[in-house]
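What follows is a short report on a single structure.
Quick note: the coordinates plus some simple rules give every number you see, no bench work behind them. All figures in this text were calculated on a predicted structure; none of them were measured in a lab. Positions of Cβ are generated from backbone atoms using ideal geometry, with glycine treated the same way; all protein chains shown enter the neighbour counts.
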Amino acid sequence: MSFETTRVTARYRQNLRSNLGGRLIGAVLFLCAFVTVVTTVGIVVILFIEGLSFFAEVSPIEFFTGTKWTPLFTSKGFGVLPLISGTVLIGLGAACVALPLGTLTAIYLSEYATPRIRSVMKPLVEVLSGIPTVVYGYFALTFISPFIKEYLYPEAGPYMAISAIVVVGIMIVPIVASISDDALRAVPRELREAAYGVGASKLEVNTRVVFPAALSGVIASYILAISRAIGETMAVTVAAGARPNLTANPFEAVQTMTAYIVSVSLGDTPHGTIEFKTIFAVGLTLFFMTLVMNIISSRITKRFREVYD
Amino acid sequence: MRSANDPPTSQSRLVLSEYQTNNVLRHLKGRLFYLLCLLGSLVGILLLVTLLNDIRQDGFHYMSKHFFTNFPSRKPEIAGFHGAIMGTLWVMGIVAITSFPIGVGAALYLEEYAIKNKLTSLIQTNISNLAGVPSIVFGILGLQLFVRGTIGYGPAICIGEQCGFGRSVISGALTLTLLILPIVIVASQEAIKAVPPSIREASYGVGATRWQTVSSHVLPQAMPGIMTGMILALSRAIGETAPIIMIGALTFVAFRPEGPLDPFTAMPIQVLNWISRPQAAFHELAATGIVVLLITLLTMNAIAVLIRIRLGQSGAR
């Protein structure tokens with residue numbers, strides 16, 4: 001009896017030990033996952049601390065309603081509206097390019113393309129989002145801008161919002177196409193067959209049955225794509241110029257929030273000054289704009305996802 | 001009663017022809033819509049071809065041995081890409097070393113260890129939100145956290161005179177690691193999910209512990225998928241310009257980094273520097289740099305595809 005007990009205890013101890021090792025491994029893996037939470041907290045804390053110390057010196061009312069953004073000049077203006085208007089101009093412009101193209105691509109890929117064409121075309125479209133954005137900047141500056149100056153708008157300077165709009169629009173096409181394609185393909189076959197059964201043509205099935213059924217996924221992809229366009233940095237830095245400009249004319253040079261942040265960090269503004277703190281205030285604004293859009297997008301996906309079973 | 005052979009009355013003939021024209025119209029509309037979709041999806045590809053062609057035209061004037069061995073210069077004919085290539089190699093090496101274990105560890109935790117509770121779903125939601133944060137915001141994070149060793153409040157982490165890691169290779173690498181972690185984690189999760197449960201059950205059935213099951217059965221099966229995701233994440237990091245500009249990668253570097261604490265430049269930064277000069281010769285240098293960058297990306301993607309094909313056959317899928 002006592003022999004049995006010692007054997008059980010020994011095995012129990014051994015199990016306990018290996019269980020302890022297992023728990024340790026679990027804890028280490030948990031820490032790995034927790035790095036992502038720390039990252040988010042770090043971003044929020046850093047933006048808030050430096051942003052708040054900026055807003056201690058500049059009133060938020062001046063920041064969000066002022067129309068003059070000249071923090072690096074002697075007569076300082078801290079109105080962020082010109083940067084926001086530049087960002088919105090490029091974001092909405094890119095949406096005008098990407099949403100129709102992306103939607104048509106998604107419909108083509110999911111409803112018309114044969115599996116063979118699809119297997120070639122889908123990766124090709126996705127290459128568009130794999131190209132470094134600085135390469136798009138180069139293309140915009142050396143190809144699209146001169147083209148527009150030559151044929152469409154000779155008065156334009158070397159920098160213009162429109163050529164940034166074109167390349168940013170193209171680079172977010174895969175986001176729209178890919179997510180919308182998934183949404184369209186998730187629409188069950190029965191819905192299509194029922195529509196065909198009552199005599200609908202392919203066009204009618206696609207536009208009146210499949211597309212509305214996939215609408216929530218499609219809209220989520222739109223919002224996500226616009227959010228990506230707003231956060232885009234290098235192409236707009238290279239092609240759109242560096243002049244904060246409250247305008248809706250896409251042929252003028254504008255500066256976006258992201259491009260402003262880059263221009264400060266490329267310069268030699270000393271750390272700790274109010275000029276330098278502007279990047280945190282602008283960064284905070286940018287972070288919240290994209291965060292809100294991303295959350296709306298994922299809410300739509302979650303809440304309005306049609307569950308077909 | 002009319003039989004089918006009876007000629008149609010004038011009224012029904014009218015309805016028929018209306019139906020016919022209507023049908024022709026519907027058919028035509030359908031063809032037009034099909035063409036519209038086809039054209040729409042070709043626009044992006046067409047632009048891609050134009051872009052590559054534009055770069056091909058400009059990108060080979062300065063392509064020579066010197067381009068790979070020289071440092072940048074004010075004279076375009078002797079300017080080179082060496083410092084940028086070495087900088088990118090250093091940064092990417094460290095990014096690979098740090099993001100692989102953390103990313104795979106996090107994915108294993110979420111797929112194999114975590115209980116489905118609020119904390120787990122918080123981590124999961126946070127990962128997908130983090131993937132949508134603009135890269136320049138990661139640059140701001142890296143600038144404070146790694147370059148200056150502070151969160152902006154309270155004391156900075158300093159060793160002697162040096163606070164944080166400074167504008168160095170390691171600062172850039174850690175910033176990019178945080179940037180690509182969401183991608184690595186999600187890709188690894190997908191690969192781990194694809195391992196069939198029967199394999200785990202068999203392993204548990206013969207008495208293996210959770211870690212034994214994970215380390216000797218789940219991970220090896222998931223490895224091709226994980227490696228593919230890892231390579232794709234790294235190729236995203238190579239092209240990232242904004243975050244490493246933020247942490248202060250130099251734009252004119254006439255030396256190569258010898259250690260993780262050295263200042264550095266990287267391929268996209270050097271390209272940006274050449275783009276922002278007005279002379280056409282420097283634009284051609286930029287195009288040459290872009291050719292090198294794109295060939296690197298293409299090679300990495302090809303390797304990812306190869307891994308998927310080669311190892312995928314013996315794997316679970």
Exercise. Cα to Cα, under 19 Å, and not fewer than 8 places away if on the same chain: which aspartates and glutamates meet these conditions relative to B:Lys65?
Worked result: B:Glu77, B:Glu284
For this session: Kyte-Doolittle cut-off 1.6, length cut-off 18 Å along the helix's own axis using Cα: show which whole DSSP H helices in chain A pass.
Result: A:81-107, A:161-186
Seminar exercise, completed: Here the convex hull volume per residue of region A:192-309, taken over Cα atoms and given in Å³, is 149 Å³
For this session: Any lysines with Cα under 27 Å of the A:Lys68 Cα? List them, leaving off those in the same chain fewer than 8 positions away.
Result: A:Lys76, A:Lys277
Exercise. Can you list the residues, at least 5 places off or on another chain, whose amide H is less than 5 Å from the amide H of B:Cys163, using H built in the peptide plane?
Worked result: none
For this session: For an R0 of 30 angstrom, estimate the FRET efficiency from the Cβ-Cβ distance between B:Arg74 and B:Asn53 and round to the nearest 0.05.
Result: 0.50
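Placing +1 at every Lys and Arg Cβ and -1 at every Asp and Glu Cβ, with all other atoms neutral, what dipole size does the protein assembly as shown have around its Cα centre, in debye to the nearest 20? Mind showing how you got there, number by number?
Values: 45 positive and 33 negative charges, 300 e Å.
Computed charge dipole of the protein assembly as shown: roughly 1440 debye.
Which number do you get for Rg(Cα) / (2.2 N^0.38 Å) in region B:28-102?
Details: Rg = 21.4 Å, N = 75, 2.2 N^0.38 = 11.3 Å.
Output field value: 1.89.
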Problem set entry | lysines with Cα under 17 Å of B:Lys116, excluding same-chain neighbours fewer than 8 positions away | B:Lys193
For this session: Pick out which of A:Val58, A:Val35, A:Val264 has the largest mean-square fluctuation in a Gaussian network model of chain A, springs linking Cα atoms closer than 10 Å.
Result: A:Val35
For this session: Could you give me the radius of gyration and the Dmax of chain B, taking only the C-alpha atoms into account and expressing both in angstrom?
Result: 28.3, 107
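Estimate the FRET efficiency between A:His271 and B:Val43 by the formula 1/(1 + (r/R0)^6), using the beta-carbon distance for r and 56 Å for R0, to the nearest 0.05.
Numbers: r = 45 Å, r/R0 = 0.80.
The formula returns an efficiency of 0.80 here.
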Seminar exercise, completed: Sorting B:Ser276, B:Leu36, B:Phe71 by the position of each Cα along the dipole of chain B (Lys, Arg +1; Asp, Glu -1; all at Cβ), the one nearest the positive end of that ordering is B:Leu36
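Charges only on Cβ, +1 for Lys and Arg, -1 for Asp and Glu: so what's the dipole of chain B about the Cα centre, in debye to the nearest 20? It would help to have the intermediate numbers written out before the result.
Values: 22 positive and 14 negative charges, 128 e Å.
Once rounded to the nearest 20, the dipole reads 620 debye.
Roughly how big is chain A's charge dipole about its Cα centre, with Cβ charges of +1 (Lys, Arg) and -1 (Asp, Glu), in debye to the nearest 20?
Here the size comes out at about 1160 debye.
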Problem set entry | Cα-Cα P(r), region A:81-303, percent of pairs per 10 Å interval | 8, 29, 30, 20, 10, 3, 1, 0
For this session: Select from A:Ala27, A:Ala214, A:Ala229 the residue whose mean-square fluctuation is largest in a Gaussian network model of chain A (Cα-Cα springs shorter than 10 Å).
Result: A:Ala27
Seminar exercise, completed: Hydrophobic long helices for chain B, i.e. whole DSSP H runs reaching 20 angstrom or more by Cα along the axis with Kyte-Doolittle mean at least 1.0, come out as B:82-108, B:169-193, B:219-239, B:280-314
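Between A:Phe48 and B:Leu119, how high is the FRET efficiency from 1/(1 + (r/R0)^6) when r is the Cβ-Cβ distance and R₀ = 25 Å? Nearest 0.05.
Values: r = 23 Å, r/R0 = 0.92.
Plugging the Cβ-Cβ distance into 1/(1 + (r/R0)^6) gives 0.60.
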Seminar exercise, completed: Highest GNM mean-square fluctuation among B:Val271, B:Val95, B:Val133, for chain B with Cα springs under 10 Å, belongs to B:Val133
Problem set entry | Taking chain A and dividing mean pair separation by its residue count, relative contact order in percent (alpha carbons under 8 Å, at least six apart) | 24 percent
Problem set entry | Projected-area average for the protein assembly as shown over all orientations - Cα convex hull basis, square nanometres | 42.8 nm²
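Using the structure shown, list the pairs from A:Lys122/A:Lys202; A:Lys122/A:Lys302; A:Lys302/B:Lys29; A:Lys302/B:Lys118 with a Cα-Cα distance above 28 Å, or answer none.
On the way: A:Lys122/A:Lys202 22 Å; A:Lys122/A:Lys302 25 Å; A:Lys302/B:Lys29 34 Å; A:Lys302/B:Lys118 17 Å.
Violating the 28 Å Cα-Cα cut-off are A:Lys302/B:Lys29.
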Problem set entry | Cys residues of chain B counted as unpaired, since no other Cys beta-carbon is under 4.7 Å | B:Cys37
Problem set entry | Fewest-first sequence of B:Tyr113, B:Tyr62 by Cβ atoms within 10 Å of each Cβ | B:Tyr113, B:Tyr62
Exercise. Got the relative contact order for chain B handy, in percent, Cα pairs under 8 Å and 6 or more residues apart?
Worked result: 24 percent
Problem set entry | Options A:Val218, B:Ala249, A:Gly231, ranked by Cα towards positive dipole end of the protein assembly as shown, top entry (Cβ charges) | A:Val218
Exercise. In 10 Å bins starting at 0, how do the alpha-carbon pair distances of region B:224-272 split up by percent?
Worked result: 24, 43, 26, 7
Exercise. Quick one: what do you get for region B:176-317 if you divide its Cα Rg by 2.2 N^0.38 Å?
Worked result: 1.42
